[in-house]
Structures are given as C-alpha cells and as structure tokens.
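Participant: Below you'll find the structure I mean.
The values are calculated or read from the model by the stated rules, or taken from the named source; none is laboratory data. Everything numeric in this text was worked out from a predicted model, so none of it was measured. Cβ placement follows ideal geometry from the backbone for every residue including glycine, while neighbour counts extend to all protein chains displayed. The area values use the complete protein model at the heavy-atom level, side chains included, leaving out ligands, DNA and RNA. Shrake-Rupley method; radii C 1.70, N 1.55, O 1.52, S 1.80 Å.
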Amino acid sequence: MEIKRKIYERMKNWKETAGGRKALLIEGARRIGKSTIAEEFGKNEYETYILIDFNKASKKVKDAFDELNNLDIFFQTLSLEYNTRLHPRKSLVIFDEIQKFPKAREAIKYLVADGRYDYIETGSLISIKENVEGITIPSEERKMRMYPVDFEEFMDYMGEQILMEYIAECYQKRVPLDQKMHAKAMHLFKEYLLVGGMPQALVAFKRNGRDFAVADVEKRDILGLYKDDIKKAAKKYNSRVSAIFENIPAYLSTHEKKIVLSQIEPGAIFDQYEDPLFWLDDSMICNLCYKCNDPNVGLSLNKNETFVKCYMGDTGLLVSHSFNENELMDQRLYKQIMDGKLALNEGMLYENVIAQMITAMDKKLYFYTRYNEDKHRNDVEIDFLISNDSKVKYRINPIEVKSSKNYTTTSLGKFKEVFGKKIETQIIIHPKNFALDKDVIKIPPYMLWCMF
C-alpha cells in the first residue's frame, strides 16, 4: 500500500469488535482506493483471502450465489475458482464492486450467520435505487465511508510527518509557525489543492518529479469514468445529473456559489432535481452543502433543500474539470495558482477543498445567508457551519474561507450579533499564518485538520 490510509485502523477495529458478526461495507466514489485497501487488509490481517471482482467474476462464481442452501458447496466453488484455501475464522472474502452484483450483497445475511469467514464489501453507487431494487439489504453490515486522500495522508505520503507534528504543536500552543515553515506548508497545501486526493493522480505526481500535468492525465481518466457512470446509472434523469455536474465550475465561480436551476432548465423546480442531486451526493462524486435557515436550533433540523451548493468530492478533479487540457498544459496556470494570483477561480478552489476536508471528517455541510430587504442583497454570508454534535450543550462553529490575504470579517461579526450565545468558535481560514484576533481564530488551511 503506497499511500497510508487512516481507514485501515478503523478496519482493524471492525475486525476485532465485529468481524464475526457483521460484514464491513466500504462505500466511496470511484477510484479512491477501496479495492486496494481491502486487498491490503486481506494480505496483512488474515492467513488467506479471496477477492471477487464482480466486474469480471465468472459465470460459475455468480451462479454459486443461487446455491446458498449448501454453503459447503458454495465455499468449495470459491476456493477452487480462486485457487485459495479458506480457513475458518482465519480467512477473508472480499466482494469487490458489489453494486455490479446485488445478489451477493443480499447473501451477506446468510454468510455472516454461517460464521466461518469474515466479509468485506466494496463499491460505489451502492445505495443508488438502481442497485438495490429487488433485494433485501442485510442488517448484518457495518458501513464505513472512504474518501479521497486527505491532507494529513497527503503530507505523510510526501514525507512531511515532522512538519505535520510541528503544525499540530503550533495549533495546540496557539502560536504561528516559523515564517519559513508557514511558506513551506502553504506550498504543500497548494500542491494538494491542485493534485487532489485521487490515489492514481497523487502517485503519478510524486513518481514524476511533482509534475502537475502527469497528474492531470490521470484525473481526466477518472472524470471520464464519472461521466460514463452518469450516463449508465442515472437512466431516468441522467440529463439533469449531467447538467448539474457539467455546471459545477460555473456555479462555484459565482459569488453565492449555489445551484441556480433556471440556468439549467427554464421553469425548473427543485422537486424535479431531488433525485439528480441525491444521485450526485450518494455516489460521493459531489459534496452537497445546504443552507440552514436557523442555526440556533440545529443544522439538520432547519435544512433548506432549495438552497444548495454543489462541491466536487475531490478538488484536484475540480481543477481538471474547470480548465481544459490546453490551459493546464500551459504551466502558467499552475504558476498562477501556486503564486496565489488566480483571483476568482482560486476562491472557488479554496472553498471546495475546505468542503472536502470537512466532509472527510464525516461532517455534513451547511452554510448560512441572510437577505437584507433594504439593501436587496445578502448582508450575512457564512461559508460553512459545523456543530459540536452535542444534544445537551449544542454549539456552532461558523467558518469563513478567504483565499486572499486582504479581506473583511463583516459577515462573521453580524452572525455573532444574532447567534452569539450558540457560537463555540469563530473561524477564519486564510492564506496567512495562525493568529488570534479577540474571539476569532484565524488559521491557514493546512491547520484545519487540527481543529475537529
């Protein structure tokens, strides 16, 4: 396993606490490394393992799932087909790309009850309606979401563990980094922003002397797969899914960054786009961020589904999705981004990468705006809201994302006037070094992982 992934430790916890009682279902977008991590886990943690890839499983293997009344024969078939001996309580069976063969997922109930082996299922688009129609979803599953490589994993892969320890130490002490170390950390963060967290792109980047163009080739292959998935899977509404997906860079380039349906389809209403938005969110291709009407009483309780922003699940993919190949092959664009001189589009990328980082913490995305009737515009705009998840002492953390070094904090101040009693920490994410300004914490983006 070339890139060390945090999910591995969570998988070990599953094996120790629930391996014999529940299968592990790893959900995630395409090409983020689900199969790789499952196979690596099988190699390291079991005497033997079998990986059944349902993209290419033989007819004999698939037909075996019709004979579950005789599990001895079923396991004999798997063992012979994959030339691997299975040992009770010491072997793992991996159902890879299980969305391609829902019958195998339904079989989990009986296989887990049998108790001989452990099971890991991996797949994308797992709960999309087309993939669960006609089957009984087993309760004997423990779901685990997997995301693109996050910034901590990126830094570890790039050999910057000592710098990460120093960043964490500075945050704990509430002091800025040495200025040279801050500049280095920002440089690395911008590399992460451009390359993203898709393992193939990241490996290509590192192996080829940190070449952004080589990584872009890998990312465009993945975008092609996503577009194929949209055409194949979202049969009833694929034109609307495709329209949203293609317009993501355009939405994020605007000031408000929210989806405007009239730009897609004149007279469109959100009811018509409920399924397409669900498809993009559930496929984990995109991260949806909903407006919270009243943060005082809870984020999910006051979700406004007619005001939604759609971020790409991986910011590196957004870069390749936003600019054509010729633009990116011209190194000047990369230089502009690395030098912080891309203006509007840089703000789009910064906000997307923060949305990606928050999502990787298993937190839902919410934002807040307040419309001023007198001024005919929003006078409060908070990019993200994170709650402390407490039911007893509920508090919220408003976050503003600033891509330039010069900015105002007007919205944050007005938000505090209205919701001050519910605020835990006010946060500004900016390219400058760590700073405390009265009751506002200002952090560089490479420090966000320290906070939650």
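Participant: Order 314, 53, most accessible first, counting only protein heavy atoms with a 1.4 angstrom probe. List each step's numbers first, then the result.
Facilitator: On the way: 314 5, 53 30 Å².
Largest accessible area first, the residues go 53, 314.
Participant: Gap in Å between the Cα centre of the range 145-159 and the Cα centre of the range 18-43?
Facilitator: Centre-to-centre distance over Cα atoms comes out at 17 Å.
Participant: Over the range 133-182, give the accessible area per residue in Å² for a 1.4 Å probe, as an integer. Don't skip to the end; give the middle numbers.
Facilitator: Working: 2720 Å² over 50 residues.
Each residue of the range 133-182 exposes 54 Å² on average to a 1.4 Å probe.
Participant: Same structure, new question: Let's see if you can work this out: charge +1 on each Lys and Arg Cβ, -1 on each Asp and Glu Cβ, no other charges. What is the dipole magnitude of the chain about its Cα centre, in debye to the nearest 20?
Facilitator: Values: 69 positive and 68 negative charges, 152 e Å.
Dipole size: approximately 720 debye.
Participant: Which of 7, 406, 440 sits farthest toward the positive end of the charge dipole of the chain, with +1 on the Cβ of Lys and Arg and -1 on the Cβ of Asp and Glu?
Facilitator: Ranked along the dipole, the leading option is 440.
Participant: Report relative contact order for the range 1-92 in percent, whole number only (criteria: Cα-Cα under 8 Å, sequence separation at least 6). Can you show the working numbers first?
Facilitator: Working: 49 pairs, mean separation 28.3, N = 92.
Here the relative contact order equals 31 percent.
Participant: Shifting gears a bit: Taking the Cα centre of the range 129-202 as origin, work out the dipole magnitude from +1 charges on Lys and Arg Cβ and -1 charges on Asp and Glu Cβ, in debye rounded to 20. Provide the component values of the computation, followed by the final result.
Facilitator: Details: 9 positive and 13 negative charges, 65 e Å.
In debye, rounded to 20, the range 129-202 gives about 320.
Participant: Okay, moving on. Taking a 20 Å limit on the Cα-Cα distance, which of the listed pairs 6/109; 143/363; 173/422; 143/303 fall beyond it?
Facilitator: Details: 6/109 28 Å; 143/363 15 Å; 173/422 25 Å; 143/303 24 Å.
Result: 6/109; 173/422; 143/303 exceed 20 Å.
Participant: Additional query: Taking the Cα centroid of the range 283-324 and of the range 67-97, what is the distance between the two, rounded to the nearest whole Å?
Facilitator: Taking the Cα centre of the range 67-97 as reference, the centre of the range 283-324 is 41 Å away.
Participant: Using Cα centres only, tell me the gap between the range 386-452 and the range 177-239 in whole Å.
Facilitator: 27
Participant: How much of the accessible area of the chain, in percent, comes from carbon and sulfur atoms when a 1.4 Å probe is used?
Facilitator: Working: 9690 of 20730 Å².
Carbon with sulfur: 47 percent of the solvent-accessible area.
Participant: Provide the per residue accessible area, probe 1.4 Å, for the range 328-452, rounded to a whole number of square angstrom. Could you put the intermediate results ahead of the total?
Facilitator: Numbers: 5970 Å² over 125 residues.
Averaged over the residues of the range 328-452, the accessible area is 48 Å².
Participant: For the range 81-142, what is the relative contact order in percent, using Cα pairs closer than 8 Å and at least 6 residues apart in sequence?
Facilitator: 41
Participant: Only bridges with both residues in the chain count here: give the DSSP antiparallel percent, nearest 5.
Facilitator: Working: 20 of 50 bridges.
If we restrict to bridges inside the chain, about 40 percent are antiparallel.
Participant: What are the lysines whose alpha-carbon lies under 19 Å from the alpha-carbon of residue 405, with same-chain residues fewer than 8 places away excluded?
Facilitator: Within the straight-line limit of under 19 Å, residue 405 reaches these lysines: 180, 184, 190, 335, 341, 432, 438, 442.
Participant: Still on this model: Check the straight Cα-Cα distances from residue 231 and name the lysines below 25 Å, setting aside those fewer than 8 residues away within the same chain.
Facilitator: 34, 56, 100, 103, 129, 219, 258, 309
Participant: Right, something else. Checking the cross-link filter: which aspartates and glutamates have an alpha carbon closer than 15 Å to that of residue 235, excluding same-chain neighbours under 8 positions apart?
Facilitator: Candidates past the 8-residue exclusion: 130, 133, 274, 275.
Participant: Which whole-number percentage describes the relative contact order of the chain, with Cα contacts under 8 Å and a sequence gap of 6 or more? All intermediate terms of the calculation are to be shown ahead of the outcome.
Facilitator: Numbers: 716 pairs, mean separation 60.7, N = 452.
Answer for the chain is 13 percent.
Participant: Past 24 Å, Cα to Cα: identify those pairs from 291/391; 60/232; 391/416; 236/364, in the order given.
Facilitator: Exceeds cut-off: 60/232; 236/364.
Participant: Could you point to the residue in 146, 200, 222 farthest towards the positive end of the range 68-223's charge dipole, with +1 and -1 charges on the Cβ of Lys/Arg and Asp/Glu respectively?
Facilitator: Towards the positive end, the residue furthest out is 146.
Participant: Subtract the Cα-Cα distance of residue 85 and residue 270 from 0.36 nm times their separation in residues, and report this length gain in nm to one decimal. Don't skip to the end; give the middle numbers.
Facilitator: On the way: separation 185, 0.36 × 185 = 66.60 nm, distance 5.31 nm.
The span from residue 85 to residue 270 would gain 61.3 nm if fully extended.
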